[in-house]
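Since every read-out is calculated from the coordinates, none of them should be taken as a lab result. None of the values given here were measured: they were computed from a predicted structure. In this analysis, Cβ positions are derived from the backbone assuming ideal geometry, glycine residues included, and neighbour counts consider all displayed protein chains.
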Amino acid sequence: MFSRTLSMAAYCIIGVQQLQEGTTTIGTFVATFGIFHEVGHELEAGYEIMIAMMQAFHSVKNLTKMLNMETDDVDRMASVELRLRVGIEERSKTLKQLTHGKSAEEVASAYQIVDDLIDIQLSNLTYVLNDGGKDVKILDGTSMQLKQGKITCIASGERQGKSTVLRIIAGALKPTEGYVFVPPHLQVLQVEDTPSFLPHSLKSNLIFGVSDDDLSLATCS
């Protein structure tokens, strides 16, 4: 904007001088002044775009680096396959226990509830954290079984691995050794203790992921 104002002021001085000397006409002066105004406006817009691109460059660079990082797809696929295999084994074992020596009616009922009786299992979990080049063992052979439909509290002192266990159960961390089994029909949602909001309105945060059709139906009902 400053360069446009400066160039137009400079042309005003030169143009007025040319008018006084008779080397240009008033129409030419006005037309040229308009051209300076339009060109200056376009240059200003281009400058603003360039500044916006420069500001976004750092974020795009970080995003590009992140998208090209090595992924853990192979490990996650292996984890899913293990979860499905153990799920089939646990379901078969639990169903056998429920139906042994039972009547046909009780067997039919067992098929309806068997999935809800399979425990969440933490088996020999070990997690080693590299802290400044030094390996720190956060978990060491932790095992437990969690019943579905029950509230379980994990209590310990500060920095004793509570959050690490929860993040491993949620799949956010991969254990150094051992595995976590969550029945295949269940989904795990990790809720962090630090609130996170998208840089949008409160309404947008509250209805994030909800389609307009679903929102309209929910509002009407």
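Check cross-link reach from Lys96 to the lysines: straight Cα distance under 27 Å, and skip same-chain residues fewer than eight apart. List returned: Lys147, Lys150.
Counting neighbouring Cβ atoms within 10 Å and putting the fewest first, the residues Ile35, Ile207, Ile118 line up as Ile35, Ile207, Ile118.
Let me check against my output: what whole-number percent is the relative contact order of the stretch 95-197, with C-alpha pairs under 8 Å and at least 6 apart?
Working: 123 pairs, mean separation 29.1, N = 103.
Taking the mean separation of contacting Cα pairs over the length of the stretch 95-197, I get 28 percent.
Counting neighbouring Cβ atoms within 10 Å and putting the fewest first, the residues Glu70, Glu192, Glu90 line up as Glu70, Glu192, Glu90. Is there a pair in Lys134/Lys174; Lys93/Lys162; Lys174/Lys203 whose C-alpha atoms are over 23 Å apart, and which pairs would that be? Exceeds cut-off: Lys93/Lys162; Lys174/Lys203. By the count of other C-beta atoms within 10 Å, a proxy for reagent exposure, Arg85, Arg167 are ordered fewest to most as Arg85, Arg167. Three principal axis extents describe the C-alpha atoms of the stretch 73-181; from largest down they are 62, 33, 18 Å.
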